[in-house]
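One structure is given here, and the rest of the page talks about it.
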Amino acid sequence: MEARPATAASRSAREKAHMAIRFDLRSLTPGDRADAIRELSRSVNGRIEVDLPPNPDRLRAVANINAVGPVEVTGIDWNVAGLRRASAPLKEDMVPHVLVALQESGVTRFSQGGNQGEIRAGDLTVIENARPYEIFFRSPVRTVVVRVPTHVLGLRSSLLGQVAAVRLGSERPLVGAAVAFFARLARSQAALGETEAALFAQPSVDLIRAVVTTGLGRDDLARGPLHDTLLQRVEEYVRLHLAEPDLTAARIAAAHHVSVRQLYLTLSRAGIALGDWIRTQRLEECRKELASPVHRFMTIEAIAHRWGFASAPHFSRVFKAAYGVSPREWRHRSRELPGEAAPA
């Protein structure tokens, strides 16, 4: 969907539901682009001033904004020169938010409350939108911005002020986990249903708390939120890498900086057996593609390989054990039925 970003007046309604908005400056006439990019900036950052490139014809911005409950995740690729919030008081329609900015490419300099930090790819930093700040972009950048209302985060402004605009590098395991989680979430949220997407709201809040506390040098305070979000982060990682045959426990554990034993223990407490869980999800994806007209020219073996099954005979056996019919029978039955139905 192509759309302009929501205004402040409509933002509160948007925060109550799962909503995805795509914004592409190329869909607008040149005369409308400067105002649109200001509106986009204010939708993400609140009431700010925007410095645009000298040549407005070269303006570019592509953004995907996804909101679930109080958490908003925006992936943005643009070439604005800078953003500034002065010391003007908050307006009644502006809710104080904490912004976590994850740099995916380019170089950005942040300044707030006497702190300054330059972040590059893989780094992140924290900003409070209710306090004055400045952001300067040295080149076109690609960034993921996670917004959560300050009152939802529940951290004192004095604590947030200590880490605001400070570079937090992904060489810290916890920051690396947050970077990976938010980057993947920005890429995948638009494809998630409302129920699935809602599962990531609280883990996002917990991870931001963990990032702030580890930035204060209090790794002890960060362990709780990091541990509490492990299950959701693992589930999302598996969904994104489901088609890869080397999706092993060792790989998943390494990606989340935990031992294989801790991974299995966390999943076991949730009633999840990793191998069975991965196989069930892969089978479901295969079942959908076998029934889909879009994939009618793909062989059964190709679909099985596409979702991580190395052997076609093995795939046929586990498919029949799960659904009571062979893959070939399911494909044939699906073509005869009006729409997709579950096998008997």
Return a yes/no flag: does the range 258-266 have any residue that is surrounded by 15 or more Cβ atoms within 10 Å (Cβ to Cβ) and of a type in the set (S, T, N, Q).
yes
With the condition kept exactly as written, say whether any residue in the range 291-301 is loosely packed, with under 14 Cβ neighbours inside 10 Å, of a type outside the set (S, T, N, Q) and under 30 Å from Leu174 (Cα atoms).
no
Filter pass, Ser111 being part of a strand (DSSP E or B), open to solvent by 10 Å² or more (accessible area, probe 1.4 Å), touching an Asp or Glu at 6+ places or on another chain (Cβ under 7 Å) and not aliphatic (A, V, I, L, M)
yes
In this structure, does Ala310 turn out to be open to solvent by 70 Å² or more (accessible area, probe 1.4 Å), free of Cβ contacts under 8 Å to residues at least 40 places away in the same chain, of a type in the set (Gly, Ala, Ser) and over 26 Å from Ala177 (Cα atoms)?
no
Which numbered condition Pro5 fails, given (1) at pLDDT below 85; (2) within 18 Å of Pro140 (Cα to Cα); (3) outside any helix (DSSP H, G or I)
(2)
Count of the range 51-98 residues which are surrounded by 19 or more Cβ atoms within 10 Å (Cβ to Cβ) and at pLDDT 75 or above
21
Only helices (runs of 4 or more DSSP H) wholly contained in the range 152-231 count here; list those with 1 or more residues that are modelled with pLDDT under 75 and farther than 21 Å from Gly122 by Cα.
194-198, 219-228
Thr74 being free of Cβ contacts under 8 Å to residues at least 24 places away in the same chain and among the β-branched types (Val, Ile, Thr):
no
Taking the criterion of being under 30 Å from Gly176 (Cβ atoms) and open to solvent by 60 Å² or more (accessible area, probe 1.4 Å), would at least one residue in the range 314-324 satisfy it?
no
Filtered residues of the range 19-35 (kept if crowded, with 19+ Cβ neighbours inside 10 Å and either more than 20 Å from Val144 (Cα to Cα) or touching a helix residue (DSSP H, G or I) at 6+ places or on another chain (Cβ under 8 Å) (or both))
Phe23, Leu25, Arg33
Between Arg251, Arg287, Arg261, which is touching a residue at least 24 places away in the same chain (Cβ under 8 Å) and not hydrophobic (A, V, I, L, M, F, W, C)?
Arg287
Subset of the range 310-344 [modelled with pLDDT of 90 or more and part of a loop (DSSP other than H, G, I, E, B)]
Gly324, Val325, Ser326
State whether one or more residues within the range 277-284 are aromatic (Phe, Trp, Tyr) and touching a Leu at 6+ places or on another chain (Cβ under 9 Å).
yes
Just to be sure, is Arg42 surrounded by 15 or more Cβ atoms within 10 Å (Cβ to Cβ), of a type in the set (Lys, Arg) and either part of a strand (DSSP E or B) or at pLDDT below 75 (or both)?
no
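The values are calculated or read from the model by the stated rules, or taken from the named source; none is laboratory data. From a predicted model like this one, the values you see are computed outputs, not experimental measurements. Ideal geometry is used to build each Cβ from the backbone, glycine not excepted, and the neighbour counts take in all protein chains shown. Ligands, DNA and RNA are excluded from the accessible area calculation, which covers all protein heavy atoms including side chains. Shrake-Rupley method; radii C 1.70, N 1.55, O 1.52, S 1.80 Å.
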